[in-house]
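As structure tokens, the structure follows; a few thoughts come after it.
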Amino acid sequence: MNNDVKIKYINKINTFSGIYYLMGMIAFCAAPTIENIKPSTVLTINSRNHLLEYWLENGQFICDYFDLDYITLREGKCSHTILFYKGTILTDHVRKEENRNYLINEGYDNTLTDQLERLKEKYKMKFPHEMGVYLGIPVTDVDGFIENCGKNYLYNGYWKVYDNLISAVETFYKFDESRVNLMDKIENTLILP
């Protein structure tokens, strides 16, 4: 995303307060998921400016507003790490043969709910690499990251790209477009619960 555009929207979000700020932040970060382009988005909500308190009080409303599902991957005293997703889109994504095979090899099987509960358990111990598959990162890039210890990548955008650069850059462009489109739509339309 063009830095000037990114700064414009971040500055706009910074004019919001309370739940509006939290909703703007979630919209900006999860726009590709909200707009059905990315299967999920992970976001840590901390206690700064009472954001965690707003989330705990209004999380379901916010997810309903954006038509999102969520699972809390980690609960801390001062922060919660949330995976935002749309059930049907994430289910379709993990059922793709390459993703399904990778996840089965990592011990994930059964329903999406069971898989997300397993992911949550593993996330408590450390950030599991297979999280990348749930986030929509191609398996070849997840493997490339592991094999190269996060180095020797072709490009660093929404993730480190090790294979199929053109496709990844096209995807990054779609993510950026979704952010611009969604932020333009919601700029003046956020409604309190």
Hits in segment 47-69 - residues which are aromatic (Phe, Trp, Tyr) and either without any contact (Cβ under 8 Å) to a residue 24 or more places away in the chain or within 25 Å of Lys122 (Cα to Cα) (or both) = Trp55
So, first residue free of Cβ contacts under 8 Å to residues at least 12 places away in the same chain in segment 130-153, second residue charged (D, E, K, R), Cβ within less than 7 Å, six or more apart or across chains; the pairs are Gly150/Lys160; Tyr153/Lys160
Quick one: in segment 11-38, which of the residues that are of a type in the set (Val, Ile, Thr), over 12 Å from the mean Cα position of the chain (by Cα) and surrounded by 14 or more Cβ atoms within 10 Å (Cβ to Cβ) is modelled with the lowest pLDDT?
-> Ile13
All but one of (1) within 25 Å of Arg118 (Cβ to Cβ); (2) in a helix (DSSP H, G or I) hold for Met25, so report the exception by its number.
-> (1)
Taking the options Thr72, Thr81, Thr44, Thr91, name whichever one is of a type in the set (Ser, Thr, Tyr), without any contact (Cβ under 8 Å) to a residue 24 or more places away in the chain and farther than 20 Å from Phe172 by Cβ.
-> Thr91
Unmet criterion (only one of (1) surrounded by fewer than 17 Cβ atoms within 10 Å (Cβ to Cβ); (2) not in a helix (DSSP H, G or I)) for Asn181 | (2)
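The values are calculated or read from the model by the stated rules, or taken from the named source; none is laboratory data. In this text the structure is predicted, and so the values were computed from the model without any measurement. Using ideal geometry, Cβ is built from the backbone for each residue, glycine included, and neighbour counts are taken over all protein chains shown.
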